[in-house]
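Throughout, read-outs are computed from the coordinates displayed, never taken from laboratory work. Everything quoted here is computed from the prediction, not taken from an experiment. Cβ coordinates were reconstructed from backbone atoms using ideal geometry, including for glycine residues, and neighbour counts include every protein chain displayed.
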Amino acid sequence: MQYRIRNGDQLIATVTNTKHFHWAGLTPNVTLYLSVASFNGFRESPRTSLTVKTRGIQVKVPVSLTTGATVSLVYLEYALGLVPIGTEPKGMFGGGNRQIIPAKVVSSTNGISTVEITNSFNLMSDGLTMKQLPDKSFGVFEGYKALYYKGKE
């Protein structure tokens with residue numbers, strides 16, 4: 001037996017003799033309109049549908065925040081101190097591609113809060129943990145990229 005899996009009207013996979021499917025490379029905060037139909041070689045069954053939304057990238061911040069609160073994170077590339085001065089691309093001295101990233105506190109336990117980015121931001125990995133910086137803000141670094149939480153604005 002084959003199963004045809006679609007997102008909207010786009011066929012994304014056909015699986016044979018299994019009821020499992022792994023879809024790699026999904027984008028954060030995207031709504032998917034999934035359907036599955038069996039196919040016996042001649043006809044396809046009616047589709048069973050499900051609408052789901054992928055979650056946003058989550059980051060841990062070592063501070064107690066109120067669950068459900070919204071916070072702003074700051075994203076920078078080539079932030080000062082992250083790469084040796086003179087090695088950043090022209091025009092990126094002190095940080096480029098600055099973005100304010102909206103996030104929501106999804107949990108807070110034992111002084112560690114998990115915040116989930118609420119837009120389609122995907123320039124850093126999921127599950128990173130920020131560290132407190134000398135100026136009392138928090139940051140996490142990945143290669144030439146940095147994500148900061150400065151606390152109450």
> Which one of Thr54, Thr70, Thr14 has the biggest mean-square fluctuation once the chain is modelled by GNM with Cα springs under 10 Å?
Replying inline: Thr14
>> Starting from the 7 Å offset along Cα-to-Cβ, what nm value, one decimal, do you get for the label separation of Asn122 and Ala13?
In response: 1.6 nm
>> Could you work out how much longer the chain between Ser137 and Thr31 gets when fully extended? Use 0.36 nm per residue separation minus the Cα distance between them, nm to one decimal.
In response: 34.9 nm
>> Tell me the net charge near Val36. Cut-off is 12 Å between Cβ atoms, Val36 excluded, with +1 for each Lys or Arg and -1 for each Asp or Glu.
In response: +3
>> Quick one: 3J(HN,Hα) in Hz for region 14-31, Karplus 6.51/-1.76/1.60 with θ = phi - 60°, rounded, Gly and Pro as x.
In response: 10, 10, 10, 6, 8, 10, 10, 8, 10, 10, 8, x, 5, 9, x, 6, 10, 7
> Fully extended, how many nm does the chain gain between Asn40 and Thr109 (0.36 nm per residue separation, minus their Cα-Cα distance)?
Replying inline: 19.9 nm
>> Taking amide H atoms as placed 1.01 Å from N in the peptide plane, list the residues 5 or more away in sequence, or in a different chain, whose amide H sits under 5 Å from that of Arg55.
In response: Asn29
> Can you give the net charge of the other residues whose Cβ lies under 12 Å from the Cβ of Lys60, counting K and R as +1 and D and E as -1?
Replying inline: -1
